[in-house]
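The values are calculated or read from the model by the stated rules, or taken from the named source; none is laboratory data. For clarity, every value in this text was computed on a predicted model and none was experimentally measured. Every residue, glycine among them, receives a Cβ derived from its backbone with ideal geometry; neighbour counts consider all protein chains shown.
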Amino acid sequence: MSSLDKLSKNLGKTLQTVVEEPAQSIPATLNKDVVDDYQFSREKYRELITKGSGAMDGMLELAAESEHPRAYEVLSNMMKNMADMTDKLMALQKSKDDLENKKAVLADGTVTQNNVFIGSTTDLQRMLRSEDVIDVKPK
């Protein structure tokens, strides 16, 4: 068996394992819990942001009428809190996306992050069964 055949066989096994056995990084029950918690958290954040927007409008009117420095201080703190809540809502979305897009887990439990082909481009082209193989000899 040539080195090209061995390489093709091993690479085929690795790719076949990744394709045939999808990642089971999150158990089904945990996955449902994660989705439920995400939806609950998202609803609460959105509710807080909506209520906070109304409260901030009222505080803006109060600060404008009273022209008291403390009212403006409270208003600025409310604005900061609202900005933090919207950031948390976006972080929640990113966390959910990260959980859904876990890396493929191989049968032996290892995670494949990078595959490296060691060989010439000619060997790679032949392995991929390309019809146009460019055969260049090194100088």
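Summary of computed values
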{"item": "Residue within the stretch 45-63 that is at pLDDT below 90 and not in a loop (DSSP other than H, G, I, E, B) present", "result": "no"}
{"item": "Residue under evaluation residue 126, criteria (1) at pLDDT 75 or above; (2) surrounded by 14 or more Cβ atoms within 10 Å (Cβ to Cβ); (3) of a type outside the set (Gly, Ala, Ser), criterion not met", "result": "(1)"}
